[in-house]
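Asker: Got a structure for you, questions after.
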Amino acid sequence: MIEDVHLVHDALPDMSVADVDLTTEVMGRKLSAPLLIGAITGGAAAVRQVNLDLARAASDLGIGMQLGSQRAMMEIPKLTSTYDVRKVAPRILLLGNIGLAQARRLTDAQARALVDDIGADGLCIHLNPAMELFQLEGERDFKEGAETIERFARLFGDRLIVKETGCGISREVGKRLCEAGVQWVDVAGAGGTSWVKTELLRASRKASKAVHLSPDAAQPFVEWGIPTAASLCELRNLSCRTIASGGLRSGVDIAKALALGASAGSAALPFLRAQQATGSDGVRLCGRKMIEELKAACLLTGSRSPAHLRQAPVLITGRLREWCLARRVMDER
Ligand SMILES: Cc1cc2nc3c(=O)[nH]c(=O)nc-3n(C[C@H](O)[C@H](O)[C@H](O)COP(=O)(O)O)c2cc1C
């Protein structure tokens with residue numbers, strides 16, 4: 001659906017490329033561009049290098065980084081080192097990560113330790129009911145979610161991001177998050193990595209021991225969720241700030257997300273693929289390319305900064321337009 005978002009070309013930009021300033025503030029930290037590496041990994045000796053490569057590149061680029069779920073280090077403290085990237089990236093915006101189902105069981109002190117033990121700036125709580133539902137060993141009980149989020153919002157204030165993992169956030173859920181005191185929401189919408197699909201593949205390789213749901217029940221949900229662009233439209237004009245993710249694959253996609261109101265964009269799979277191919281250099285190249293594309297999109301829309309891009313004319317067509325009209329979230333500009 002991001003293809004249904006059109007930025008309007010400015011043939012007379014009246015500025016030089018050097019005038020485009022992508023500097024952005026996220027959670028009180030200055031980024032060189034409105035970009036974060038999405039939550040990917042941690043928790044096994046084999047992936048420590050992945051986090052170090054991602055962090056080194058994020059540091060060189062001046063962008064932010066979300067770590068993968070810290071569930072493993074909660075259970076086995078010696079795995080903490082697999083998330084510890086501060087020695088290679090002392091100044092980046094670094095965010096810890098935990099699932100809502102695990103967050104619910106943490107005391108306040110344990111929650112703070114998730115952030116403090118790795119020198120992070122804040123925490124992402126991920127919402128992933130679709131993934132849990134179809135994971136063989138996943139959670140089946142989603143109670144007390146809102147009150148857990150309220151507690152974490154009190155604990156972390158503007159250092160908390162609530163994110164999905166590929167199914168997006170609706171306006172209704174966005175309102176509930178804002179009411180709970182959440183200031184940052186990462187939509188992680190449908191259109192990129194599908195965890196239901198991943199779980200389906202995983203289940204097909206394992207002998208199924210699922211008690212509650214057969215992996216076959218996952219098939220109709222492979223594309224389940226709110227597409228990223230639609231989710232951004234759903235959350236427009238709420239009190240929380242948004243990060244766009246889920247299928248963003250270029251700086252132009254990020255530019256479109258900013259034009260829909262996002263404060264920053266994030267991607268996971270492209271950075272992971274780049275790391276797997278050529279390590280930290282690959283991640284750096286991948287990020288630099290996105291940043292250059294975003295800069296070009298700014299110039300070609302006559303936008304000197306991400307803030308200007310958020311005010312730039314944007315056209316919504318096709319299925320996204322239908323979605324926004326049907327959901328009454330169309331914001332004419
Ligand atoms: C390999 C991989 C592992 C991920 N692990 C986590 C995780 O631990 N916690 C989390 O919040 N999101 C996790 N995600 C979800 C991403 O952070 C992101 O929300 C989602 O993949 C959509 O972005 P993408 O389409 O750019 O991959 C993971 C994604 C990938 C590809």
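The values are calculated or read from the model by the stated rules, or taken from the named source; none is laboratory data. Just so we're clear, the structure is a prediction, and the values are computed from it rather than from any experiment. Here the Cβ positions follow ideal geometry from the backbone for every residue, glycine too, while neighbour counts run over all protein chains shown. Calculation scope for accessible area: heavy atoms of the full protein, side chains included, ligands and nucleic acids excluded. Shrake-Rupley method; radii C 1.70, N 1.55, O 1.52, S 1.80 Å.
Asker: Can you give the accessible area of SER263, probe radius 1.4 Å, in Å² rounded to 10?
Answerer: Counting only protein heavy atoms, SER263 exposes about 10 Å² to solvent.
Asker: How large is the dipole of the chain about the Cα centre if only Lys and Arg carry +1 and Asp and Glu carry -1, each at its Cβ, rounded to the nearest 20 debye?
Answerer: Charge dipole, the chain, about its Cα centre: 460 debye, nearest 20.
Asker: Once fully extended, how much extra length lies between SER16 and LYS175, figured as 0.36 nm per residue of separation less the alpha-carbon to alpha-carbon distance?
Answerer: In short, 53.2 nm is gained.
Asker: Sticking with this structure for a sec: Note the direction-averaged projected area, equal to a quarter of the hull surface, for the Cα convex hull of the chain, in nm².
Answerer: Taking a quarter of the hull surface, the average projection is 16.5 nm².
Asker: For segment 1-63, what is the accessible area per residue in Å², given a 1.4 Å probe and the full set of protein chains?
Answerer: Result: 44 Å² of accessible area for each residue.
Asker: If one computes the Cα centroid of segment 246-278 and of segment 97-119, what distance in Å separates the two points?
Answerer: Rounded to whole Å, the Cα centres lie 26 Å apart.
Asker: Take the residue pairs LYS30/LYS87; LYS30/LYS289; LYS175/LYS256; LYS78/LYS289; LYS30/LYS163; LYS30/LYS197 and return only those whose Cα atoms are more than 25 Å apart.
Answerer: Result: LYS78/LYS289; LYS30/LYS197 exceed 25 Å.
Asker: Which value, in Å² and to the nearest 10, is the accessible area of ASP116 when all protein chains are kept and the probe is 1.4 Å?
Answerer: Surface accessible to solvent at ASP116 totals approximately 110 Å².
Asker: Sort 7-17, 35-45 by packing, meaning the average of other beta carbons within 10 Å per residue, with the highest value first. Don't skip to the answer; put the middle values down first.
Answerer: On the way: 7-17: 11.4, 35-45: 22.9.
Highest mean packing first, the order is 35-45, 7-17.
Asker: I'd like the carbon and sulfur percentage of the solvent accessible area for the chain, probe radius 1.4 Å, heavy atoms only, ligands and nucleic acids excluded.
Answerer: 53
Asker: Report, in whole Å, the centroid distance computed from the Cα atoms of segment 289-333 and segment 138-180.
Answerer: 26
Asker: Springs between alpha-carbon atoms under 10 Å, Gaussian network over the chain: tell me which of THR193, THR317, THR228 tops the mean-square fluctuations.
Answerer: It is THR317.
Asker: Excluding ligands, DNA and RNA, what is the solvent-accessible area per residue of segment 128-197 at a probe of 1.4 Å, expressed in Å²?
Answerer: Details: 2960 Å² over 70 residues.
I get 42 Å² per residue for segment 128-197.
Asker: Name the long-range amide H neighbours of ASP186: under 5 Å, sequence gap of 5 or more, or other chain; modelled H, no Pro or chain starts.
Answerer: Amide H neighbours of ASP186, under 5 Å, 5+ apart: VAL162, LYS163, GLU164, ILE243.
Asker: Less than 11 Å from a label point 7 Å out along the Cα-to-Cβ axis of GLU139: which backbone N atoms in segment 78-99 qualify, by residue?
Answerer: 98-99
Asker: Can you tell me the accessible area per residue over segment 241-333, all protein chains present, probe 1.4 angstrom, in square angstrom? Each step should come with its number before you reach the end.
Answerer: Details: 4200 Å² over 93 residues.
Computed with neighbouring chains in place, this is 45 Å² per residue.
Asker: Separate question: What fraction of the DSSP beta bridges in the chain is antiparallel, stated in percent and rounded to the nearest 5?
Answerer: On the way: 6 of 31 bridges.
In the chain, approximately 20 percent of DSSP beta bridges are antiparallel ones.
Asker: According to the square roots a ≥ b ≥ c of the eigenvalues of the Cα gyration tensor, what is the shape class of segment 26-105, taking rounded for a/c under 1.5, prolate for a/b larger than b/c otherwise, and oblate for the remainder? Walk me through the intermediate numbers first.
Answerer: On the way: a/c = 2.40, a/b = 1.45, b/c = 1.65.
Cα axes put segment 26-105 in the oblate bin.
Asker: May I pose another question? Compare the Cα positions of ILE125, LEU160, LEU114 along the charge dipole of segment 112-162 (+1 at Cβ of Lys, Arg; -1 at Cβ of Asp, Glu; about the Cα centre) and return the one farthest towards the positive end.
Answerer: Ranked along the dipole, the leading option is LEU160.
Asker: Nearest 500 deg cm²/dmol is fine: what mean residue ellipticity at 222 nm does the chain get from its DSSP H runs of n ≥ 4 alone, each adding -39,500 (n - 2.57), divided by its residue count?
Answerer: It lands at -11500 deg cm²/dmol.
Asker: Suppose R0 equals 30 Å; then what is the FRET efficiency for SER239 and LEU155 from their Cβ-Cβ distance, rounded to the nearest 0.05?
Answerer: Values: r = 19 Å, r/R0 = 0.63.
Calculated transfer efficiency: 0.95.
Asker: If the chain between THR198 and ARG328 were fully stretched, how many nm would it gain, using 0.36 nm times the residue separation less the Cα-Cα distance? Intermediate values should be presented prior to the final figure.
Answerer: Details: separation 130, 0.36 × 130 = 46.80 nm, distance 3.26 nm.
My answer for the length gained is 43.5 nm.
Asker: Separate question: What residues qualify as long-range amide H neighbours of CYS124, i.e. H under 5 Å apart, gap of 5 or more or another chain, H built at 1.01 Å from N?
Answerer: Those qualifying (amide H under 5 Å, at least 5 residues apart or on another chain) are GLY96, ASN97, ILE98, ILE161.
Asker: Using r as the Cβ-Cβ distance of ALA46 and ASP117, and R0 as 30 Å, what FRET efficiency do you calculate, to the nearest 0.05? Kindly include the intermediate steps, with their values, before the conclusion.
Answerer: Details: r = 21 Å, r/R0 = 0.69.
Given R0 = 30 Å and the Cβ-Cβ separation, E is 0.90.
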